Every structure is written in structure tokens, then in C-alpha cells.
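Nothing in this text is a laboratory measurement; each read-out follows from the coordinates by a stated rule. This is a predicted model, so every value here is computed, not measured. Note that we place each Cβ from the backbone using ideal geometry, even for glycine, and neighbour counts take in every protein chain shown.
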Ligand code: UTP
């Protein structure tokens, strides 16, 4: 009788992936057991299919754009939208928050390679003066919103195998930033093996596979597998407010957005900002065959990205995707159970591996392919998906790169501008652009105000208004 290990090894050999066990005989027994456990996780049928469709010569088919049109969206009242409909949406969202139907959900399993920061990205110090981390900013926003609506929020955070323990320790060491630890739920996402350009699964070391997180789209099945959906059902939560870990400006729970989603009977809703310029690297909300889709910037021909509406001069494909969604719990369940399963995409990456002699290789350029799912690929399966406009300054300034666009410096400047805007609205005198004199120290804790409205309320309650000539921290 072959042992379980022998069966696993045989399965890999007959799938043409025997190289995974090239160094097996030289490993210590516990290392052998670890490699067998990793290998047992792999769905070889799925890997072979992905290699055939995404890696094999010819590569992935180009996106099919037949019948594509720009998607309509609900405009902000200041941009031609219906102010009455927005207030109704806000009231409906507030009622849902007061009833405890909404949870916050952050995807934090990415590898953050572009930022090049050592540690979970959520622990990156992002605020301009106090240098609070992304996780602290979100914690305080969620805490403050819970207080406001009289129902402390549950917060689900998806981590990866690589960063789970460090994320858990970070929250523990910081006493969950004042949140009830029983309402902060961390769970790991799934992972996928990376392959080289001939479709062979790569080893990261002699005794371990090159595994990486399965993309933010993996969140749908991870929510199901981790038991998070059952917990939500038990707690009466039916609506998830989804955002990415890299964007401290985001309104973690936005009553109007939640209200639009609920009133429209939507299963998955999205926020959009008009693209700032045609080449901006945002996905585009479009409709195709009667369904809402997001077409990535790399898949939409540049001529279409530059097309303008002759009457208004606005870009035709102006609705950019900023990865902020409201998602219905039962829709997540349906998607996780395989109805409308999300496709995998190919990402060419530098993947640390070993050579034929088992020596470490740290490639300078991409040497293989990782497979990832994207959460927006769930949109075509959602009933009544609604897209609403938001103002970029109130919701979106991600930290992606170490320098240049979407970097800590641009995000810091956007936070300063937001704080200054709120103060000016309240009647305080602040420099025209507080991001310009860098010595102007300005920071407003989400516990004081996490959006314009809550800021104004707290400010109006201050008996003595603080001086701000030399900066201000509230
Ligand atoms: P990005 O697409 O920016 O990827 O993720 P990344 O891995 O964080 O960064 P790079 O590309 O290596 O520089 C967008 C959001 O999706 C999450 C990230 O944590 C971030 O919040 N994400 C991404 C996951 O949760 N899991 C993944 O597998 C990928």
C-alpha cells in the first residue's frame, strides 16, 4: 500500500509537476511533512487549466469588448444628482447602521511589493503628524461610527498566510485601538501556487512551494470558508462595507452609500470617481450584454479611454473604479459556493525560487506567473448593481508606491487638504494649501471627526475654538 505521501507525490508526477519533490529525499522528516501538507492544498486540475488558458503560448485571450458601453452612475447632488434621493439614501443607511445590519470589511492580504514596507501594510504609519498606522485610522473610524449609531460595528479583516500572525500581534499589542476585540475578526485568505513560464509549479525553497495570496477576489470564498458569513448571519449582519487596506481617506461605513445599495435592492454596489485624465490607471465601470463590468485600464484601448462626449467634453469612459463596495452577505455566499465563480487573472512577477541545484534565485525580472482573482469580477453576477459617485477628496488616496503617484507623500498631502477643508468649512483660517508649507502640522483624529459632518458637529461643540496658525492636532 503506498503511503499518503507517496500518493501525493505520484499525483504531482502524473500531472507533470514532479519537480516539486526534486529535493524531497534530502529533507528532514518534519520538512517533508510540511511540503506534503502544502502540496495537498493544491488543486492540480485548476492549476493545469490556468496554465493552459493563461500561461501557455498565445497567452490569455484579449478582453472581449463587443457591445461595451459606459455604465451609468448616480451623480452627486453637486454634479447633477438628485439631492432628495441622496438624503433618502443617507436616512436608509443610517437606519441600517442603527439596526446593526452593517459590518466593515477590509482586504489586507496583499503583499504590498510596490511600497516595499517590511510588515503588514495596515501597520504602515500613514497620518501626517502623529504617524498613526492605516489600521489605527480605520479602527478609530469604525469605533467612532459605532458610537454615533449606538451599535458597535463588527470588523472583518482578511489577511494572508504571510501576514496573519503579525497582524494579529499588532492588534493585540495595541489593544485593538479601543475596539472590542470580540468584534475584530481576522481570517486568512486562500493561496495559489506560482508557476514558471512553462507552467511548472515553482519551489520557494527546497522544502516549500512558492505560494501567494489568491487576490482580493479570494475574499468571497475566504469569508465563507472562515465561518465569517455564519457569524454575520448569527449577528443579524446582512451588509458588508468593503474597502482596501491602503486607503486611509475611505469612509469605512458611508450611510448614503449603504442606503443607495439597500434602496436599489443591489447585491453589490460600487463607488466611482470621474477619471482625472484619460491615462489614469483606474478600471472603468462599463455595461456589456446588460451587465455591469469593470474593464481594467490595460484592457480598454487608449482611443476609447480618450473619447469625449461631444456635448459636455467629459470623458465617455469616465467612471473609474476605486475598489470601494457594499456587498450583500447572501450574494457572497452564492458566489463562494461557486455560482458565477470568479475567473483567475495572470500577474507576471519576480518570484523567489531555487535552481536545479537547489540554490536560491532572486530574479531581477519577472520569471513566472501568479494567479489572482479580482473582487470586481463578481459585479456581472450581482442583481441590480448600483454605482454611485463620490468625491475623490473624501474617499480615495491610496498608498501603493514608495514614491511618486499614490505614495505616502501624496496621501499625506491629501489628508492635510481634507483636514484643512473641514476647518475652512467651519470658518477657521488655514493656509490655502496646507500640504505646501510642510511644517504646517495638521491632523484630526477620526475620534474627533471621521467625515465632514461628524467633524462639524464636534467643532461646533468646542466652547473655545483652538488657534491654528502654527498647526493643530485634534
Ligand atoms: P493591490 O492590488 O494594491 O496589491 O491590492 P498589493 O499586493 O497590496 O500590492 P502590490 O501590488 O504587491 O504592490 C489592493 C488591495 O487588495 C488587497 C490588498 O491588501 C489591498 O488592500 N489584496 C490584494 C488582498 O487582500 N489579497 C490579495 O491577494 C491581493
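Observations on the model:
- Subtracting the Cα-Cα distance of residue 49 and residue 117 from 0.36 nm times their residue separation leaves 21.1 nm of extension gain.
- Cα principal axis extents for the range 140-272, largest first, Å: 54, 38, 31
- Burial ordering of 239, 113, fewest other beta-carbon atoms within 10 Å first: 113, 239
- Length-normalised contact order for the range 63-197 - Cα pairs under 8 Å, 6+ apart - percent: 23
- Length-normalised contact order for the range 363-427 - Cα pairs under 8 Å, 6+ apart - percent: 17
- All Cα-Cα separations within the range 433-474 were binned at 10 Å from zero, giving a P(r) of 26, 52, 21, 0, each value a whole percent of the pairs.
- Proportion of all alpha-carbon pairs of the range 314-453 beyond 27 Å (%): 51
- Computed [θ] at 222 nm, helices only, for the chain once each DSSP H run of length n ≥ 4 contributes -39500 (n - 2.57): -9000 deg cm²/dmol
- Equivalent ellipsoid semi-axes - Cα gyration tensor, the range 297-368, angstrom: 38, 26, 10
- For the range 218-311, alpha-carbon Rg over 2.2 N^0.38 Å: 1.36
- Taking only the Cα atoms of the range 42-171, the ratio Rg/Rh comes out at 1.09, with Rh defined as the Kirkwood radius.
- Computed extension gain for residue 75 through residue 198, at 0.36 nm per residue and net of the alpha carbon distance, reaches 39.5 nm.
- Here each label is just a point 7 Å from Cα along the line to Cβ, and for residue 383 and residue 402 those points are 4.9 nm apart.
- Rough spin-label spacing in nm, given labels placed 7 Å along Cα→Cβ, for residue 457 and residue 66: 5.3
- Cβ crowding within 10 Å ranks 264, 281, 365 as 365, 281, 264, fewest other Cβ atoms first.
- Relative contact order, percent, the chain [alpha-carbon distance under 8 Å, six or more residues apart]: 19
- Note on residue 464 and residue 312: the model spin-label points, each 7 Å out from Cα along the C-beta direction, lie 4.9 nm apart.
- DSSP beta bridges fully contained in the range 318-474 are about 70 percent antiparallel.
- Surface/4 estimate of mean projected area, convex hull on alpha-carbon atoms of the range 391-474, nm²: 5.7
- P(r) tail fraction, the chain - alpha-carbon pairs more than 40 Å apart, %: 24
- Translational diffusion of the range 188-244, µm² s⁻¹ [Kirkwood Rh, Cα pairs; Stokes-Einstein; 37 °C; 0.692 mPa s]: 242
- Geometric extent, Cα atoms of the range 5-77 - Rg, Dmax (angstrom): 21.1, 67
- Shape call, the range 130-179: gyration tensor on alpha carbons, a/c limit 1.5: prolate
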